[in-house]
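Following: one structure in structure tokens, then a few remarks.
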Amino acid sequence: MQPDKKRENEKQTIESTRGYIYESPDCDIYEANNEYRIFFDIPGVEKEDINLKVEKNVLNLTAECLKKPGEKYECLRHEMNYAGYKRSFELSDMIDTEKIKADYNNGTLLLTLQKKEKQATKEIKIKVN
């Protein structure tokens, strides 16, 4: 797995075409013999507003967070911006993309990425005449 390289102690913001600001969420990545675990910090997001896709071996996370009190309220002071999160990782061929699991609890998204089973080495004999 290749995390993005611009993340050395800095928050990265990405502006969308609609003028919304997206942050690149912090994450921790752990490896075991048969899987990776990625923990994303995305507070304030509802579970149904998280979108995960794998396209061409790239894992894309987007999550949107819009806090509104309800339709009958009028805004008297507006200091909080619309916020969202976007992050992408290039996955190696070792990841079984069909077995990716996601769990979300209290602002933390946990992705479990299974490694593919190792292919047995096949020996090919060459006949010499």
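The values are calculated or read from the model by the stated rules, or taken from the named source; none is laboratory data. In this text, all values refer to a predicted model and were calculated from it rather than measured experimentally. Cβ sites come from the backbone with ideal geometry, for glycine too, and all protein chains shown count toward neighbours.
Before moving on, here are some points about what is shown:
- Residue count for region 63-99, restricted to those that are crowded, with 16+ Cβ neighbours inside 10 Å and in contact with a helix residue (DSSP H, G or I) (Cβ under 9 Å, 6 or more places away or on another chain): 5
- Tallying residues that are in contact with a strand residue (DSSP E or B) (Cβ under 8 Å, 6 or more places away or on another chain) and farther than 19 Å from Ile38 by Cα within region 67-88 yields 3.
- Selected residue (criterion: nearest to the chain's Cα centre (by Cα)) from residues of region 25-70 that are outside any strand (DSSP E or B) and under 13 Å from Leu91 (Cβ atoms): Asn57
- Considered as a group, the residues in region 100-129 that are more than 21 Å from Pro25 (Cα to Cα) and either surrounded by 13 or more Cβ atoms within 10 Å (Cβ to Cβ) or hydrophobic (A, V, I, L, M, F, W, C) (or both) include one that is modelled with the highest pLDDT, and that residue is Gln114.
- Scan of region 29-62 for residues that are surrounded by 14 or more Cβ atoms within 10 Å (Cβ to Cβ) and more than 11 Å from Leu111 (Cα to Cα), ordered by number: Ile42, Gly44, Val45, Asp49, Ile50, Val54, Thr62
- Under the condition of being over 19 Å from the mean Cα position of the chain (by Cα) and not aliphatic (A, V, I, L, M), the residues counted in region 71-89 number 10.
- Selection from region 1-28 of residues that are surrounded by fewer than 14 Cβ atoms within 10 Å (Cβ to Cβ), at pLDDT 55 or above and within 19 Å of Lys115 (Cβ to Cβ): Asp28
- Only one of the listed residues (Lys53, Lys86, Lys47) is among the basic types (Lys, Arg) and free of Cβ contacts under 8 Å to residues at least 24 places away in the same chain. That residue is Lys53.
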